[in-house]
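**Student:** Mind having a look at this structure? Questions to follow.
The values are calculated or read from the model by the stated rules, or taken from the named source; none is laboratory data. Everything numeric in this text was worked out from a predicted model, so none of it was measured. Cβ coordinates were reconstructed from backbone atoms using ideal geometry, including for glycine residues, and neighbour counts include every protein chain displayed.
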């Protein structure tokens, strides 16, 4: 599997589901549709492949056994829904005829649904995070995905926990992407350069495919990718659209112009990114623009 890139990732899963009229409130967010409307999840994967994505990220970001069982599902059903996230993406990839599927491993904070994926202020230490992720990791890595997307990670402790799981599954390759406090540090305050340096030995062993950022403002991407490049690693970048949430006005403000997003992606590739795409508030039009430019 050649991951030297550049490869185009998909865009915001929830953003596209909302465009189809889905109400995604509640702790499961998009993962709820794995149980209730899996055909819509498949449709979104199809939309992104048709827009030019090389890689689909599965709808497992918020999925956890606890979140499903708290809503009345059995443990075996919960595990089945998590595995289904990979199956849906693989089926659409196969129908399209090309592409890769990355099993999305969201942070512990995504399952808490309290915003802590943007702070790293957890009630679990590294060992606790390792134990919490382990069951889901085994399901996702055993379901046939081409690689794993460890995404929106806010803390070094969580990256270390997932790196331990990665070492236990030596046939798996993963990227690690982080939520960030600014243009230099991840959300818990650790410099991204230090985090990349810790993951560098796993890159040397062929386990880590790239290190980078997602769910960050596009303006911060170049400096953050520079921190990864300083360690000698390839990077991944899939920021938000560039809009900013106005909590007082309860609305998004700023530009989400797709053509500018595509132009910016050219710069991210020049800065060392081998995977480029979009996160929140990006849709097929953004991915189409990235495909055209990259």
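**Student:** What are the residues in the range 69-79 that are touching a helix residue (DSSP H, G or I) at 6+ places or on another chain (Cβ under 9 Å) and either assigned to a helix (DSSP H, G or I) or without any contact (Cβ under 8 Å) to a residue 40 or more places away in the chain (or both), if any?
**Tutor:** 69, 73, 74, 75, 77, 78, 79 - these are the residues of the range 69-79 that are touching a helix residue (DSSP H, G or I) at 6+ places or on another chain (Cβ under 9 Å) and either assigned to a helix (DSSP H, G or I) or without any contact (Cβ under 8 Å) to a residue 40 or more places away in the chain (or both).
**Student:** Next question, about the same structure. Test residue 266 against the criterion of being more than 23 Å from residue 19 (Cα to Cα) and crowded, with 17+ Cβ neighbours inside 10 Å, and give yes or no.
**Tutor:** Judged against the criteria, residue 266 is not a match.
**Student:** For the structure I just gave you, tell me whether residue 102 is buried (at least 21 other Cβ atoms within 10 Å of the Cβ) and either under 26 Å from residue 179 (Cβ atoms) or out of contact with any strand residue (DSSP E or B) (no Cβ under 6 Å at 6 or more places or on another chain) (or both). Write out each step before concluding.
**Tutor:** Numbers: buried (at least 21 other Cβ atoms within 10 Å of the Cβ): yes; either under 26 Å from residue 179 (Cβ atoms) or out of contact with any strand residue (DSSP E or B) (no Cβ under 6 Å at 6 or more places or on another chain) (or both): yes.
Yes, satisfied.
**Student:** Could you list, in sequence order, all residues of the range 108-140 that are closer than 22 Å to residue 48 by Cβ and at pLDDT 95 or above?
**Tutor:** 140
**Student:** Output the residues belonging to the range 1-16 that are part of a helix (DSSP H, G or I) and surrounded by fewer than 22 Cβ atoms within 10 Å (Cβ to Cβ). Don't jump to the end; show me each part of the working.
**Tutor:** We begin by selecting, within the range 1-16, every residue part of a helix (DSSP H, G or I); these are 13-16.
Hit for the range 1-16 is 14, nothing else.
**Student:** A follow-up question, please. Filter the range 21-46 down to the residues that are touching a helix residue (DSSP H, G or I) at 6+ places or on another chain (Cβ under 6 Å) and not in a helix (DSSP H, G or I) and list them by number.
**Tutor:** Of everything in the range 21-46, those that are touching a helix residue (DSSP H, G or I) at 6+ places or on another chain (Cβ under 6 Å) and not in a helix (DSSP H, G or I) turn out to be 24, 27, 28.
**Student:** Do the conditions hold for residue 66, that is, is it touching a residue at least 40 places away in the same chain (Cβ under 8 Å) and either within 15 Å of residue 132 (Cα to Cα) or not in a strand (DSSP E or B) (or both)?
**Tutor:** So residue 66 fits the description; yes.
**Student:** How many of the residues in the range 159-188 are free of Cβ contacts under 8 Å to residues at least 24 places away in the same chain and surrounded by fewer than 18 Cβ atoms within 10 Å (Cβ to Cβ)?
**Tutor:** Just the residues of the range 159-188 that are free of Cβ contacts under 8 Å to residues at least 24 places away in the same chain, to begin with: 168, 171, 181, 185.
Checking which are surrounded by fewer than 18 Cβ atoms within 10 Å (Cβ to Cβ) leaves us with 168, 171.
Residues flagged as free of Cβ contacts under 8 Å to residues at least 24 places away in the same chain and surrounded by fewer than 18 Cβ atoms within 10 Å (Cβ to Cβ) within the range 159-188 amount to 2.
**Student:** Inside the range 197-218, can you point out the residues that are in a helix (DSSP H, G or I) and either under 17 Å from the mean Cα position of the chain (by Cα) or closer than 11 Å to residue 268 by Cα (or both)?
**Tutor:** Matches in the range 197-218: 218 only.
**Student:** Can I ask one more? Could you please give the count of residues in the range 47-61 that are assigned to a helix (DSSP H, G or I), touching a strand residue (DSSP E or B) at 6+ places or on another chain (Cβ under 7 Å) and either free of Cβ contacts under 8 Å to residues at least 60 places away in the same chain or surrounded by fewer than 24 Cβ atoms within 10 Å (Cβ to Cβ) (or both)?
**Tutor:** 1
**Student:** Any residue in the range 88-99 that is more than 21 Å from residue 36 (Cα to Cα), surrounded by fewer than 20 Cβ atoms within 10 Å (Cβ to Cβ) and touching a helix residue (DSSP H, G or I) at 6+ places or on another chain (Cβ under 7 Å)?
**Tutor:** yes
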